[in-house]
Structure formats: structure tokens, C-alpha cells
């Protein structure tokens, strides 16, 4: 029997342990009944277990009639019985019955989880939330442009056309949203998978016909969306002249069911473009049909030019090219000679002179060599410093464009702008956002705080410059430009590295960059789950003078050591049975609020390495001290098991609510929100969206 | 009307009134060439390029310059047979040499040396140099089994090592270094591929790849070597997960330690600005990170 009980504990680790725990405090008869229940559960006797539930209910009633408290085990037995139901439908009915009987928090959580984990239930919930969020999205987007304090509404006092602009924006946005209303959502993708899983597991469930209909509807929608996405990817690649990717996507779309009609026209265009590319590539590999040949008078010098160039000796190249240019002024090979002169000078290390000769050669647009040299000069590989200049110029232009005209120019804003222009003509320029002073100021502030434009082009060009020309006199300047670009991009580590590589870096700026780097690392340290000890230690070790280092030190101090189990005072107060002989075996007076007889502090009890550490208030006097009590192996194992069980129950029954939402917020379906965004300051009401409750969101994106 | 100057200023300030970004003259770059000097000029410009530290040059249309020059010279010979034969032959041999076809390059130089050309002396010197490279390149790279393959690679590496020493300080040293690096990478790949058969295979494979990373720290292929080390660590982590598939045999810390080593390597390259391997590394990091997350989720 003991072996059977042990087996039961292994099979049902969480609940059975509770059961035994509760049973331990009851009399022998109840313990015997619990043994029987567990045996019936292990033997899989569903009918007998149902009888057990009835018997436990009767026993509770009997105890109640005698004025005694109920055993508190009936809900556990009911939950065990539900697990033995043969079909999905029966199991769900049994779980609902468990919940109807108001079980204890742990059983309630387990039953709710079982119900929610059902695939069809999850799919239904996802679709319901999706429907709600779509509707709420349409309503909110309709209301948002009419926000009572938005920049445009404020300026409407000066010009009523602006209000008309907001109305047009609202209508245009709603039209676009309604156009996309039926688009396949992530939730629908996930629901489709869950519905399919239900039918695979339980093809005979009573919900099967309804589920099959949903699968057909969502499956058709998904196939259409897949076709649309694949064709769109192919079209995007084709428009970007990325013919290899275009061919891949469009050929893939061609093979999808019912998608050939949409992809074939684009596929034909891709084939034509590829043929054109192949012909163009082939053309540049051949000489012209009527390649000019030098006149007799210039033949010898031209040949000398060729020989010197083939041999690649700079002095011979310069001499032959100079001689040719001197003796054959006006020759059709003049540009070729200038090109050779430029290469000779470049190879000899006379870079400035080489550049002058190249510029001379590039001016001759009539000759093929002149055009070739012009294209060389235009390529970023030729002049790396100019390439950095160009990238920075683009960055400045894009930033200014963002500040003055706003960041987005999508279908919605295009429709909005076009509608305004159509409605009010030239005066619409006022409401296109150019004069939204608040918007400009807001975007200016945002651009100053977080660069809205990518710095990658500047970074790539700068890094390439340093790799290729590490000894250039321009190196210090490039380090400075890279430090700025990396700082704007938020990559403070690289910014610091480049800034330190400059000849006279300012300690003040180094300190500022170190501060930013440390702040970022601290932010990263708390991002994934628990605090990242390595990152915190790195902040303390390498950036010890920063403010973030102080915070990191504090967080490190608060981190539990490896292998430690911490039971804070509030956990012990919520689970007083932990203090009993089957748990930590502590004096209950440690929690009675009287410091004179010993009192646990908030840090509570820590179990580690075969001992128990108690953080106690000093008495008399302020402060705390740690008292360490060695435990026998058996006592430690018992205390550890009880602590783990209490912590698990606490985790299981914790309220799953967003930290930033209020307690009664779920009962209010509306919100009022203020935003400071691209369009200025805006305050507007809206319908609350439902939180995405999917656990594996990325699997369905 | 009063608004116009203000609007203009704003547009100018936003850069809309500025000149458009410069771009290469694609039409010129793709057009058939008229003068052989255009081809020779491009080739000569890049004859001394350091192909060990930097990738081969591209022409403005994005094609590999040495391959393009070679095919242009071959087509010149077809279109105008015999015209400027010695110059075309010499340049062709130069292009072949840069592309690592040493035996063909030696033949090309020999033909020019045999003709009464002003390039004959230069061709003879080049032939002598390239012949030594061709001899080393002709040595076998594989054997009947792993040991024989590694021994063959060792012999070939010795030959190239000798050439690296001989050509030190010349523009040809980098070609020898490129070849030496290729062979060392090949040897490391053989060890990695056969690590399960070798004694302490994982350790030996790691050492081989780490040696590659340390020795060729200046190479343009360094990010690639780091990625390969990451791949090895990733394989080791996968091996661990497969060998300890049963839940109670799986130790999370052991797996995480192995997986994180792979992720560290991928991340190094994924954050390496300007490295051509950066997008590939970002993809591998994301893929392996997803694998790690999925394995951990399976066992929690």
C-alpha cells in the first residue's frame, strides 16, 4: 500500500501532495479513505471514483450537521475524478462541475487551466478577441483624428479647414480599415491550428461539425492570404530589381493552389527582366563591333601605352601616357591615355594627381573610356570619404524630412492628403502637416532624443574606410564621425570605442558615453526574465563610476544565490503550516509581531546548502541580523520540499493581471488616452482592446 | 502668395530642393568596350590589391573585376584574333593568376615569353614565379581516409608556407596567404566533419577552428571563421540535447552553457558592421536562439 501511495505521489505530484498534506491532519479513517481514492484513481475506475465523490460529499454534510468544518478534500477528489472522464465533452462537464462547487484556489486554478488549455476553447476565445479588437480598432481609428486637443483641432481656431482635414483623415482611415477588415489575422492562424488539433485528438466530439466548418472557412482564407503574401513578396523584389528573389517567390506562388493566375503575369515580367539582364551582362563582356584602331602616326605610342599598362609598372605607365598625350593632341585615345596616367599616378602613390587625371578623363562623355571613368568616380568604392559624406548628407535630409513632414507616408496618409487636396485645393497645404507646429516640435524633440533615421550607411562606409585605409590622415576624423553615428544609433559601446581612438578625447564626453552605455546595459540586464547577473557584474566591473553601476550593485546584492530557496515573510504568513514540524519546524512566535521573543524580517527564511538562514529583527535596537541553523539531511529535505510546494502554490494562484492595469479596470470597456506623437498632442476616447493571450505568438506570425 | 518663400525655405531645408543622390553611369558601365586600355586599366589598377585582407574588387556594375577582365580579354581574342596578341595574352595570364589558376597563368606567360614581345622579359619572370605557385597548387588535397587526407593537407600547407616566406613583402605574398588560409580552413573542416570518429574530437575541432581564428585575424574571412566556430558549438549543443533527450537526463545548465557559446560567436558577427557575413550571422543567431528557446521550453 505504501508503494501504491508513493506511486500515486509520483503520478500526481502537485495535487496528491496536497491531498496527503491535508489528510495528514485528519484522523486515520479519513487517511484510509484518501488511500482508497488514490488507488481508484491509479486503477482508472471512473465509476468508483464518482462514488467516492458522493461519499466525500456525504461525509462533509455529516460533519457540517455536527458543527464541524468540512474536510476540504472533496474538491480535490472531484478534480481527480474529472481527469478520468473518457471523452472531451464529459471531462469538460466534470471540470465545470468542479468549478461550480467553489473549490479551494489551487483546485480552481488547475480546473480553469484544464478548461482553457482545451484547443477548441482557445480557438473560440482567440476568434472572439480578434473580432472585438477589429471592431474596436475601426472605432478608435475613426475617433482618434478628431481628438479634442490635437494640434490640428487647436489650430482649427485659426483655420476651420484644419477641422475638415481631421474629418477627412477620420473617414479615409476608416475606409482603409474597413477595406482591410477581413484580412487574415495572427489569431485566426492560431485558431485554425487549434481547431485542427481538436479534431485530430477527438474526432467524435459533439463540437466536430462546427469545428470542421470553421476549419474550412479559415483554411480558405489562409490559402488566399499565403498566395497574396507570396505574390506581394515577389512583386516587391521585382520592383527593387532583385530578380533572383522575385523569381523564387513568384515560382513558389505559381505552385500554390489557385495562385497561378495572380503570379503568372509577374513571373513573365521577371523572366523578361532576367533575359534583359543576361543580355546586358553579355554585352559588356564583348568589344564593340567597330572598335577603333589607332592611326599609323600614333600606333607605336599606343602600343607602348598598352605594354606599359599590361606590365603594370607605374613609372612606365606615366611616361608612356604623358608621351602619348604630348604627341597626339586630339587623338580619340586621349581619354584612354589619361586613364592610364591616372592609374600610373595612383599606383605610384600620387593620389591627388591621379584624381585630377581621372576627372579630366571623365569629362570626355563621347568616348567609352570617358563614360567608364565617370561611372568609376561615381561609385562609393572609389572615394570612401566622399561616400561617408554622401551617407551623412542623406541622413541629414531624411531627418529634416521626418521633422518637417512626418515619418510615415503610407496608404492612409496618401489617401488623407489626396482627399484634402481635392476638398480644399491649394489651402489644403496648411493641413497637410507642414504647419502643424506642435507636430514639428514633437518630432524635433523625438529626433533629438532617438534618431528616427538609420545610421547604418554611415557606419558601413566609415568602418570600411578604417579597414581599408587605417593609416590615412583622415582616420581621426572618421573615428569622430563614427562615434557620432553609433551614438545616434544607440550603440554606445562602439561609439565609446571610436571616440577613444581619437587623438584627444574629452573625458567629459567619455563619461557621458559611459553613462549611456551603462544605462543601456542595465536595461538589458532586466529584460529577459530575471536579472542577468553577468551583465550586472560587467557594469560594476567596467563602468563602476556610473550611476547605473550603483543600481547594478544593489540588484546584485538582492539576487538570490545559486541553489538558494527564499521564503519571504509574506509567504510564511500566507502559509502558516510551513512553520510546522512537517515543514520548516520554526517557532510560530517568530511571526507574532513581538520582537522581544524573536521576529522574522521581510527577507524571511533562506534554505541553502543544508542549512536554514533566518533574517531576524534585532531586539533590542534597530536593524537585522542573520541566524544560521544547520539542518540534518532529512530535516533539510523535508523543509525544502515544503518550501517548494508553498512557492509553487503561490505561483499557481497568483493573479494574472497586467502590472499597469487597475484592479477594477476590466469592468470599464472604454479609455481616454493622451498621446504626444508625430501629429502633435492629442487626447481621445476609445474602446479597449483585448490583450493577446496567446502563449506562442511567434509561431503564428 | 506670401507663403511661397516660406514654403520654399522649408522644402529646401527638408532637402527636397537639393541635388539627387549620385549614381553610377549604368549605361556606360554595361556598354561594350571600345578600347582594350579600358580593360587593361581596370585590371592593372587592382593587380596589387590585398586579396587576403579585402574582398576582390568589383566593377561599377557589381561584377568581379578579375573574372570580367578575363572574359573580356577572351572575347577580344575571339572578336579580333591576333590583334595585340602579346598584350592580351599577358593580361589574360595576370587575370588567371589573380583568380588562382596558376597552371593556366604559367602557360599564358610562357606563350608571351616565347614571342618577340617587349613583354617577354616580364613574362619570363612572371612564369618562373607562377610556376612555383602552380607546383604547390597541384599537390593533392585528399587521401583514402581522414589521416591520409590530413597528411596530404599538411604536405600542401608546408609547400604554401614555404611560398609565403619566399614572397614575403611582395604583392604576391597575399595570394600565397589566401591559399594557405583556404587549406587550413579545409583541414579544420575535415576535423570538424570527422570529430565523432577522432579521439577527443570536439576538443580537436574547437582547437582547429580557434587556431584559424587566431592565425588569420587580419583576413577578410575572419567573420566566416568565427561563424564556423559558432556552428561547431551549435552542433555540440544539439548533440547534447539529442544524447540527453529524456527529461531527467537533461541538465539545463549544461545545455545552456553549450548553446550560449554558439550564440556568442554568432552575435559577434551579427553585430560586426561592414562584414558581408553580418546578415547571415543575424539569421543564424535568430535560428539557433529559437532552437535554444524551444529546447528549454520542452524541458521546463
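The values are calculated or read from the model by the stated rules, or taken from the named source; none is laboratory data. The structure displayed is predicted, hence computed values, not measured ones. Cβ placement follows ideal geometry from the backbone for every residue including glycine, while neighbour counts extend to all protein chains displayed.
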- Task: Would you mind listing the helices (runs of 4 or more DSSP H) fully within segment A:166-273 where at least 2 residues are closer than 25 Å to residue A:134 by Cβ and at pLDDT 95 or above?
- Result: A:208-239
- Task: Determine which single condition residue A:539 fails, assuming it passes every other condition in (1) farther than 30 Å from residue A:621 by Cβ; (2) outside any loop (DSSP other than H, G, I, E, B); (3) touching a helix residue (DSSP H, G or I) at 6+ places or on another chain (Cβ under 7 Å); (4) free of Cβ contacts under 8 Å to residues at least 12 places away in the same chain.
- Result: (4)
- All conditions in (1) under 19 Å from residue B:36 (Cβ atoms); (2) within 11 Å of chain B (Cβ to nearest Cβ); (3) within 55 Å of the chain's Cα centre (by Cα) are true of residue A:364 except (2)
- Item | Options B:113, B:105, B:91, B:125: the member that is under 27 Å from the mean Cα position of the chain (by Cα), more than 9 Å from chain A (Cβ to nearest Cβ) and part of a helix (DSSP H, G or I) | B:105
- Query: Name the residues in segment B:172-184 that are in contact with a helix residue (DSSP H, G or I) (Cβ under 8 Å, 6 or more places away or on another chain) and surrounded by fewer than 19 Cβ atoms within 10 Å (Cβ to Cβ), would you?
  - Reply: B:173
- Message: Out of the helices (runs of 4 or more DSSP H) lying entirely within segment A:65-151, which hold 1 or more residues that are touching a residue at least 12 places away in the same chain (Cβ under 8 Å) and farther than 30 Å from residue A:28 by Cβ?
- Response: A:88-100, A:105-116, A:119-143
- Note on the structure: Here the qualifying pairs (Cβ atoms under 8 Å; residues six or more apart or on different chains; first in segment B:182-196 and assigned by TED's automatic domain parsing to the domain that holds residue B:150; second not in a helix (DSSP H, G or I)) come out as B:183/B:141; B:184/B:216; B:185/B:221; B:186/B:141; B:191/B:198
- Of everything in segment A:552-571 that's touching a helix residue (DSSP H, G or I) at 6+ places or on another chain (Cβ under 6 Å) and over 30 Å from residue A:638 (Cβ atoms), which residue is surrounded by the most Cβ atoms within 10 Å (Cβ to Cβ)? A:552
- Go through segment A:376-399 and give me each residue that's in contact with a helix residue (DSSP H, G or I) (Cβ under 8 Å, 6 or more places away or on another chain) and more than 8 Å from chain B (Cβ to nearest Cβ). A:377, A:380, A:382, A:383, A:384, A:385, A:387, A:388, A:391, A:392, A:395, A:399
- What single numbered condition from (1) facing chain B (nearest Cβ under 8 Å); (2) crowded, with 24+ Cβ neighbours inside 10 Å; (3) touching a residue at least 24 places away in the same chain (Cβ under 8 Å) fails to hold for residue A:373? (1)
- Message: Can you tell me which residue is nearest to the other protein chains (Cβ to nearest Cβ) among those in segment A:461-484 that are free of Cβ contacts under 8 Å to residues at least 40 places away in the same chain and buried (at least 18 other Cβ atoms within 10 Å of the Cβ)?
- Response: A:463
